């Protein structure tokens, strides 16, 4: 929108929530419950597209009983594992059900402080807000090693965000770089499709039970998600504080597909890739692999450079404490990995941090202290 002089008008709103995934929608729900004015900005064309763009066979590790946000259970049998499209559709339906104000196709390009308010630029959209909630996980920009540029041009290279199915691959062997959950799930798929498959990287550990077994579904999985991830591994417990640096630096332990499953299917585990030789991946033990495909399951960069505020650490991560930035009142984060607990970036855990941010925003509007007690639900 422009004014009579042709300049873009600035929309003013109390709170802008950046990100329309589970973190942003959960924040919006709690803001709405408190009667606050807000707008959610989502870069994709549809709510839920971040999930829909993942590989075709992806299913959630968590059963449907743990996949609903506050106020709306996930519409599926409680022990079923939703597909990525079902999750995307649920989020879209959630926004509709609660009539949350979401503006899609609006990708934020810059956020900065001007006077007593924050300014947000997103293409033709210019906003001014008293509060900004960055509601997204730190998995925004694919990270690929520089050595990828030295691989033979004939090798198909895909990051896990680009991989959809085995139809994208050339005939021949597949090397998956990264031995975490994404690498394990994709490796299981490629070897079953008949591709000789290698998985490279340091073992991440694994959950010591079968999540599909009767005892796994009914006892151990609820214990892991609702107790260990949500209440034990938190910033309020000694074990959580000790575990957090390791969990931030390393991949999550294997949950569904275990090392023994990959071995039984014929996947070959190899040392990490350290360089290239003659256009082929060079392993730490000096061997090269003759492969026609490489899938990089090598993680992400936070991708927050559009935050024009001096709050990012050396690795691009936001310097925040339980979602708040002490030097910039009114700036919040929701959905960051281990923001408060191991479950902070998980669907069943994001609501607690969202509620805390919403409560702090309401208190800030009323002039109260923003040191809101952390919800324990």
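The values are calculated or read from the model by the stated rules, or taken from the named source; none is laboratory data. Treat the numbers as computed from the prediction; the structure is a model and nothing was measured. Note that we place each Cβ from the backbone using ideal geometry, even for glycine, and neighbour counts take in every protein chain shown.
Okay, residues lined up against (1) without any contact (Cβ under 8 Å) to a residue 40 or more places away in the chain; (2) farther than 30 Å from residue 103 by Cβ:
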| residue | (1), (2) |
| --- | --- |
| 127 | no, no |
| 133 | no, no |
| 150 | no, yes |
| 157 | no, yes |
| 184 | no, yes |
| 205 | no, yes |
| 212 | no, yes |
| 219 | yes, yes |
Being part of a loop (DSSP other than H, G, I, E, B), out of contact with any helix residue (DSSP H, G or I) (no Cβ under 8 Å at 6 or more places or on another chain) and modelled with pLDDT under 95 is the filter; apply it to region 120-160 and report the residue that is nearest to residue 197 (Cα to Cα). 143
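In region 80-89, what residues are touching a residue at least 24 places away in the same chain (Cβ under 8 Å) and either surrounded by fewer than 18 Cβ atoms within 10 Å (Cβ to Cβ) or over 14 Å from the mean Cα position of the chain (by Cα) (or both)?
Here is the first cut: in region 80-89, the residues touching a residue at least 24 places away in the same chain (Cβ under 8 Å) are 83-85, 87-89.
Hits for region 80-89 are 83, 85, 89.
For every residue, the table says whether it meets (1) closer than 22 Å to residue 251 by Cβ; (2) modelled with pLDDT of 95 or more.
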site: 315; (1), (2): yes, no
site: 323; (1), (2): no, yes
site: 332; (1), (2): no, yes
site: 340; (1), (2): yes, yes
site: 348; (1), (2): yes, no
site: 363; (1), (2): no, yes
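Select, from 101, 77, the only residue that is in contact with a helix residue (DSSP H, G or I) (Cβ under 7 Å, 6 or more places away or on another chain), farther than 21 Å from residue 345 by Cα, assigned by TED's automatic domain parsing to the domain that holds residue 19 and surrounded by fewer than 17 Cβ atoms within 10 Å (Cβ to Cβ).
Numbers: 101 fails: in contact with a helix residue (DSSP H, G or I) (Cβ under 7 Å, 6 or more places away or on another chain).
Going through 101, 77 in turn, just one is in contact with a helix residue (DSSP H, G or I) (Cβ under 7 Å, 6 or more places away or on another chain), farther than 21 Å from residue 345 by Cα, assigned by TED's automatic domain parsing to the domain that holds residue 19 and surrounded by fewer than 17 Cβ atoms within 10 Å (Cβ to Cβ): 77.
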Quick one: residue 251 ticks every box in (1) in contact (Cβ under 8 Å) with a residue 24 or more places away in the chain; (2) closer than 30 Å to residue 362 by Cα; (3) out of contact with any strand residue (DSSP E or B) (no Cβ under 9 Å at 6 or more places or on another chain) bar one, so which box is it? (2)
Flagged in region 45-62 as touching a helix residue (DSSP H, G or I) at 6+ places or on another chain (Cβ under 7 Å) and closer than 17 Å to residue 221 by Cα, in numbering order, are 60, 62
Quick one: residue 329 ticks every box in (1) farther than 20 Å from residue 34 by Cβ; (2) part of a loop (DSSP other than H, G, I, E, B) except a single one, so which number is it? (1)
Subset of region 183-229 (residues that are in a strand (DSSP E or B) and over 24 Å from the mean Cα position of the chain (by Cα)): 197, 198
Do we have any residue at all in region 273-285 that's touching a residue at least 12 places away in the same chain (Cβ under 8 Å), crowded, with 18+ Cβ neighbours inside 10 Å and outside any strand (DSSP E or B)? no
